[in-house]
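One structure is given below, encoded as structure tokens.
The values are calculated or read from the model by the stated rules, or taken from the named source; none is laboratory data. Treat the numbers as computed from the prediction; the structure is a model and nothing was measured. Every residue, glycine as well, gets a Cβ built from its backbone with ideal geometry; the counts of neighbours run over all protein chains shown. We work out accessible area using only protein heavy atoms, side chains counted, and drop any ligands, DNA or RNA first. Shrake-Rupley method; radii C 1.70, N 1.55, O 1.52, S 1.80 Å.
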Amino acid sequence: MTTADHIIVGSGINALVCAAMLAGKGAKVLVLERNDRIGGCIRTEGITAPGFVHDVMATTFVLFTTGPAYAALGKDLARHGLEFCNTDAPTGVLRPDGSYLIQRMNQPANIAAFNAAAAGNGDQYGRDVGEIGKNAGLLFGLLGGGLWSWPTLKLLAGEAWRRGPRGLAGFLGEALVPARGWLETCYQSETMRALWAPWVLHAGLGPEDAFSGQIAKVIAFALEVAGAPIVKGGAEKLTAAFEALIKERGGEIRTGADVAYVARKNGRAVGVRLASGEEISAAKSVICSVTPTQLYERLLGDQPSTTHTESVQRYRYGKGNFQIHYALDRPPAWRGEGLGKVALLHLTPGLDGVSKACNEATRGMLPEVPTICVGQPHALDPSRCPEGKAILWLQLPEAPRHVRGDAAGALEVPSDGKWTEALREAYADRAEAILTSHIDGFRESVIARRAYSPADLEAMNINLVGGDPYGGSSTIDQAFLWRPFKGSVNHETEVKGLYHIGASTHPGAGLGGGSGFLLAQRL
């Protein structure tokens, strides 16, 4: 029987970070991945035309490059070929009337541009991102630290001493303000509101959700400081660098290894059994980077947990994701100066448009006017496509997991609510019509298009339940201390030696590798 110190089930960013760090401390680590490649949501393929390199799902790595995992592993990953490309225009917004704004990695320039949109808006923006910087120790300690820990207790005690208990309570209360409340009370410009409203969707929230205002400010701060970097040559270069580093440190990675069961003895995890029947023992721990559903109903399904059965049933997954990829004969001719250099450009009517589309998707409806995030990888990394050509990476973060109807009343929805190829392409046409309204000669420039519905994404990765890329709803009741469950304590489970990491655990979704980093530090 094969034996390892630590068995890691799954190979997303958290699993890879955890494996690299544990192996770096001399532990014998084995990573088991059921698919034919590692990476989870990090996947690069030539899906449109020869010479065009597409990140099928995740593409932007600002959470990774600004996080502690990269600080610890970045130099070693660079030795194995990891390189990032960036732009001085990380994000922007373009509205149906042609009005637009661009955020740059230059605060004085941003303040001037936003003041031009509406008097005082730039100054308010400066105060907002300044407050994030001023409170970075507390904010990022809570957003990325181990919550049930002495360091976090000392952090909160120190902040209570410095601010006073009421001052700390006031700060935390202000952090719960929804994005709508923040934007409507602080910014007069509808375009300024539209610039930040879509970003809450990338945190698995809606603009009316508690804490969405604070997370939007944090994102604005991070983008201004670090940009919106992508991996040179495709995101698969990141997973290749991790694989090389883990193997260099004595670790092992196996693909096509579907873990079907976590073996236990006397209440402790002692190994796993693969779907093939092979058994592998773990001397120290089994670490699962999966959803709660996979962990408790599949891997522990033969001995259901009385503690967690009800929690698993009540655990909520969020909206689905819809992806579209284009190979273009030429760079897009946007009707706005500088838009062609923006890393991630949102197309939306504004705050109300985001709210409406979010509500429609939550109710199972295809949004009438979806929020579209347009990535332009060629503007950051020309190696992604032939010279003179272009690539568009589109994410529509408001897609229903189960389709109950069409908010526009135009598309025929299957009676069983399932995504079909016909429905997928018809909905992609809706998004393309919006692109066409903003880009001169767009349809004539299209070489090829490839769309992925929420069902397609789940078929590629079983942890994307209903196409939800965030491992479950990220509303405040399923975040921080309460992720994934109300009784969760860091990354422990009720089985000794069995740990839970990934997007469904604190610090939540994204590409920071935070849960893998925190657990590896502890172990």
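Does segment 348-360 contain any residue that is assigned to a loop (DSSP other than H, G, I, E, B), over 20 Å from the mean Cα position of the chain (by Cα) and farther than 30 Å from Glu208 by Cα?
Within segment 348-360, none of the residues are assigned to a loop (DSSP other than H, G, I, E, B), over 20 Å from the mean Cα position of the chain (by Cα) and farther than 30 Å from Glu208 by Cα.
Here is a yes/no grid of residues against (1) touching a Lys or Arg at 6+ places or on another chain (Cβ under 8 Å); (2) of a type in the set (Gly, Ala, Ser); (3) open to solvent by less than 10 Å² (accessible area, probe 1.4 Å):
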position	(1), (2), (3)
Gln323	no, no, yes
Tyr326	yes, no, yes
Trp334	no, no, no
His346	no, no, yes
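Going by what's in this entry, would His378 be described as within 24 Å of Gly472 (Cα to Cα) and crowded, with 22+ Cβ neighbours inside 10 Å?
No; evaluated as a whole, the condition is false for this residue.
So how many residues does segment 1-22 have that are surrounded by fewer than 24 Cβ atoms within 10 Å (Cβ to Cβ) and of a type in the set (Gly, Ala, Ser)?
1
Kindly indicate whether any position in segment 229-252 is of a type in the set (S, T, N, Q) and either open to solvent by 50 Å² or more (accessible area, probe 1.4 Å) or free of Cβ contacts under 8 Å to residues at least 24 places away in the same chain (or both).
no
Collect the residues in segment 144-187 that are assigned to a helix (DSSP H, G or I), open to solvent by less than 40 Å² (accessible area, probe 1.4 Å) and of a type in the set (A, V, I, L, M, F, W, C), keeping them in residue-number order.
Correct list: Ala160, Leu168, Phe171, Ala175, Ala179, Trp182, Leu183, Cys186.
Could you identify the single residue in Ser415, Ser437 that is of a type outside the set (Lys, Arg), more than 19 Å from Glu360 (Cα to Cα), surrounded by fewer than 19 Cβ atoms within 10 Å (Cβ to Cβ) and out of contact with any His (no Cβ under 8 Å at 6 or more places or on another chain)?
After applying the criteria, what remains is Ser437.
Six or more apart or on different chains, Cβ atoms under 7 Å: show the pairs whose first residue is in segment 390-407 and under 29 Å from Glu444 (Cα atoms) and whose second is of a type in the set (Phe, Trp, Tyr) and surrounded by 23 or more Cβ atoms within 10 Å (Cβ to Cβ).
The qualifying pairs are Ile391/Phe52; Ile391/Tyr326; Leu392/Tyr326; Leu396/Phe322; Ala399/Phe322.
Identify all residues within segment 40-90 that are more than 24 Å from Ile246 (Cβ to Cβ) and without any contact (Cβ under 8 Å) to a residue 40 or more places away in the chain; write none if there are none.
Gly46, Pro50
Out of all the residues in segment 388-426, which are in a strand (DSSP E or B) and of a type in the set (Val, Ile, Thr)?
Selection gives Ile391 alone.
Restricting to segment 472-523, name every residue that is in contact (Cβ under 8 Å) with a residue 60 or more places away in the chain and among the basic types (Lys, Arg).
Passing the criteria: Lys486, Lys496, Arg522.
Among the listed residues Glu131, Glu208, which satisfies the condition of being in contact (Cβ under 8 Å) with a residue 40 or more places away in the chain, more than 17 Å from the chain's Cα centre (by Cα) and not in a helix (DSSP H, G or I)?
Answer to the selection: Glu208.
Of all residues being assigned to a loop (DSSP other than H, G, I, E, B) and not small (Gly, Ala, Ser) in segment 244-282, which is farthest from Ala20 (Cα to Cα)? Just the residue, please.
Step by step, filter segment 244-282, then rank; the result is Asn266.
Quick check on this structure: which one of Leu195, Leu183, Leu205 is modelled with pLDDT of 95 or more, within 18 Å of Ser474 (Cα to Cα) and of a type in the set (A, V, I, L, M)?
Leu205
What's the number of the condition Leu392 fails, among (1) farther than 30 Å from Ala210 by Cα; (2) of a type in the set (A, V, I, L, M); (3) over 19 Å from the mean Cα position of the chain (by Cα); (4) open to solvent by less than 10 Å² (accessible area, probe 1.4 Å)?
(3)
Does Ser488 satisfy being within 22 Å of Gly206 (Cβ to Cβ), among the polar types (S, T, N, Q) and not in a helix (DSSP H, G or I)?
no
What's the number of the condition Ser437 fails, among (1) over 24 Å from Thr60 (Cα atoms); (2) assigned to a helix (DSSP H, G or I); (3) without any contact (Cβ under 8 Å) to a residue 24 or more places away in the chain?
All conditions pass for Ser437, except number (3).
Among Ser311, Ser355, which is over 30 Å from Glu494 (Cα atoms) and surrounded by 16 or more Cβ atoms within 10 Å (Cβ to Cβ)?
Ser355
Counting only residues that are among the small types (Gly, Ala, Ser) and touching a His at 6+ places or on another chain (Cβ under 9 Å), which one in segment 253-303 is surrounded by the most Cβ atoms within 10 Å (Cβ to Cβ)?
Among them, the one singled out is Ser289.
Suppose we filter Ala408, Ala428 for residues that are buried (at least 19 other Cβ atoms within 10 Å of the Cβ) and at pLDDT 95 or above; which single one remains?
Only one candidate passes the filter, namely Ala428.
Which residues, counting only those in segment 134-143, are in contact with a Phe, Trp or Tyr (Cβ under 8 Å, 6 or more places away or on another chain) and either in a strand (DSSP E or B) or not aliphatic (A, V, I, L, M) (or both)?
Asn135
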